[in-house]
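The values are calculated or read from the model by the stated rules, or taken from the named source; none is laboratory data. This structure is a prediction, so every number in the text was calculated from the model and none was measured. Backbone-built Cβ (ideal geometry, glycine too); neighbour counts: all protein chains shown.
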Amino acid sequence: MSTRRTFLKLTAAASLAPSVASAQGAGAGRVVVIGGGYGGATAARALKALEPKLTVTLVEPNPVYTSCPFSNSVLADLRQISQQEFRYDGVKRAGVVVAETSATAVDAEAKTVTLADGNKLSYDRLVMSPGIDFNWGALPGYDEAAAQKMPHAWKAGAQTTLLRNQLQAMDDGGLVVMSVPANPYRCPPGPYERASLIAYWLKIWKPKSKLLLLDAKDAFSKQRLFQNGWTALYPGVIEWVPLSKGGKVTAVDPATLTFTTEFATHKAAVGNVIPPQRAGAIAGQAGVADRTGWCPVEPVAFESTLRPGIHVLGDAAIMGGMPKSAFSANAQAKVCAAAIVELLAGRKPQDPILINTCYSLLAADYGISVAGVYRPDKGQLTDVPGAGGVSALEAVGGLRGQEALYAASWFRAITAETFG
């Protein structure tokens, strides 16, 4: 993406498996990557493919990564949680050193990362892809303890399983209530896909039940496509309450599973709270997060505007018009890796063009999508006019079923590329 030369080099080298670096500090330079999701793991692999002499260390405490994309399908019993789990064997085979521990501190002046096991890593460039954390307490009544009663399931894994089990245990006729925060948050269309797939499951197994979607916004990604699908697939099942009609949740009570808005209270049989979010905590400690809780970056190499030498990718970063998605993180990681190779060689990276595509499922065989193309402009990433688009409102010839198949193919491809 950065240059034709580096892109072709990345493609050609992707099939190779360079030997694992024997010592941190060997090779043509040292790059530490914090966070082993779609951004961090991809960046680490791309760096080694582009410049095998680099020592690349991925810092990730979890030996198994649980994917948020497609985790809503677990709630609908379309997938098992085990199908969302990926190990780092492929990353290691690519020559990346994987430190299975947490980063506890970053010293931007000394260019070191302190690890939970007591070790320190020195770096020439640092890539941070720490994902999101929650603003506990930003919604009165909702904290980590409350999440055991009213799961967020916005970090896939145990919370996903908890919400699925609560849905299965609910009596037929029970009310499912979801709350959606104001922007920004991870995966803008994710709550509406979740509502759709829960409705899909309710229609089959709890046909007397309904879902109430309380929203702190008046508009959302792929809105007309979602609402058309709800009308066609789930008439009377999903009720969406926008901000202007009192949809913003102002407090919750986990003891009674009650949601309070400006105008009403709603008691749930199952409550799903998607709380306000910010960049992962290590971003704040490193000094790359601003007062919004997110990380401002320049739009070519995604270098922090607050801490030179540190690059921030994925959900944690402020990327202008580019949304917080797995595809975005993957694309940003490749561009960032190419830019770092250029910077370490004393060359200036070229302006990139980035692409994002986001698929959403409304049922097992009903998919919709949105795509965008982005380029640097006036210090941020902006949409290329006329280059993106969404699924056609009028679906013909089995289009929705095709898009569901495309979504599954995309997931297989990105997980194989990142972890395989």
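When 207, 184, 191 are screened for being buried (at least 22 other Cβ atoms within 10 Å of the Cβ) and either under 24 Å from the mean Cα position of the chain (by Cα) or assigned to a loop (DSSP other than H, G, I, E, B) (or both), only 191 passes. Tell me which residues, restricted to the stretch 373-390, are without any contact (Cβ under 8 Å) to a residue 12 or more places away in the chain and of a type in the set (Gly, Ala, Ser). 386 - this is the single residue of the stretch 373-390 that is without any contact (Cβ under 8 Å) to a residue 12 or more places away in the chain and of a type in the set (Gly, Ala, Ser).
Look at the stretch 409-420: where a residue is among the small types (Gly, Ala, Ser) and a partner is part of a helix (DSSP H, G or I) and surrounded by fewer than 19 Cβ atoms within 10 Å (Cβ to Cβ), sitting 6+ places away or on another chain with Cβ atoms under 6 Å, you get 420/90.
Going by what's in this entry, would residue 340 be described as among the β-branched types (Val, Ile, Thr), touching a strand residue (DSSP E or B) at 6+ places or on another chain (Cβ under 9 Å), surrounded by 20 or more Cβ atoms within 10 Å (Cβ to Cβ) and in contact (Cβ under 8 Å) with a residue 60 or more places away in the chain?
Considered against the rule, which asks whether it is among the β-branched types (Val, Ile, Thr), touching a strand residue (DSSP E or B) at 6+ places or on another chain (Cβ under 9 Å), surrounded by 20 or more Cβ atoms within 10 Å (Cβ to Cβ) and in contact (Cβ under 8 Å) with a residue 60 or more places away in the chain, residue 340 comes out as yes.
Tell me whether the stretch 148-163 contains one or more residues that are in contact with a strand residue (DSSP E or B) (Cβ under 9 Å, 6 or more places away or on another chain), of a type in the set (Ser, Thr, Tyr), under 25 Å from residue 419 (Cα atoms) and surrounded by 14 or more Cβ atoms within 10 Å (Cβ to Cβ). Yes.
Residues of the stretch 221-252 that are closer than 30 Å to residue 369 by Cβ, aliphatic (A, V, I, L, M) and not in a loop (DSSP other than H, G, I, E, B): 225, 232, 233, 238, 241, 243, 249.
Can you pull out every residue in the stretch 343-354 that is of a type outside the set (Val, Ile, Thr) and surrounded by fewer than 23 Cβ atoms within 10 Å (Cβ to Cβ)? Listed by number, the residues that qualify are 343, 344, 345, 346, 347, 348, 349, 350, 351, 354. Can you tell me which residue in the stretch 385-398 is nearest to residue 331 (Cα to Cα), limited to those that are surrounded by fewer than 16 Cβ atoms within 10 Å (Cβ to Cβ) and touching a Gly at 6+ places or on another chain (Cβ under 9 Å)? Out of the qualifying residues, it is 387. Going through (1) more than 30 Å from residue 126 (Cβ to Cβ); (2) not assigned by TED's automatic domain parsing to the domain that holds residue 168 one by one, residue 247 falls short only on (2). Condition (residue is surrounded by 15 or more Cβ atoms within 10 Å (Cβ to Cβ) and among the hydroxyl-bearing types (Ser, Thr, Tyr)) applied to the stretch 88-100: is it met by at least one residue? Within the stretch 88-100, one or more residues are surrounded by 15 or more Cβ atoms within 10 Å (Cβ to Cβ) and among the hydroxyl-bearing types (Ser, Thr, Tyr).
Listed by position, the strands (runs of 3 or more DSSP E) enclosed by the stretch 253-317 that each have at least 1 residues that are of a type in the set (Val, Ile, Thr) and touching a residue at least 24 places away in the same chain (Cβ under 8 Å) are 258-261, 270-273, 310-312.
Can you find a residue that is modelled with pLDDT of 95 or more, assigned to a loop (DSSP other than H, G, I, E, B) and β-branched (Val, Ile, Thr) anywhere in the stretch 411-420? Looking for residues that are modelled with pLDDT of 95 or more, assigned to a loop (DSSP other than H, G, I, E, B) and β-branched (Val, Ile, Thr), one finds none in the stretch 411-420, hence no.
Suppose we filter the stretch 139-181 for residues that are without any contact (Cβ under 8 Å) to a residue 12 or more places away in the chain, assigned to a helix (DSSP H, G or I) and within 29 Å of residue 295 (Cβ to Cβ); how many remain? The total comes to 1.
Taking each residue of the stretch 108-137 that is farther than 21 Å from residue 294 by Cα and looking for partners that are among the basic types (Lys, Arg) and outside any loop (DSSP other than H, G, I, E, B) with beta-carbon atoms closer than 7 Å, six or more apart or interchain, yields 112/120; 114/120; 122/30; 123/30; 124/30.
Listed here are the residues, each with its yes/no results for (1) assigned to a loop (DSSP other than H, G, I, E, B); (2) not polar (S, T, N, Q).
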site: 323; (1), (2): yes, yes
site: 338; (1), (2): no, yes
site: 348; (1), (2): yes, yes
site: 357; (1), (2): no, no
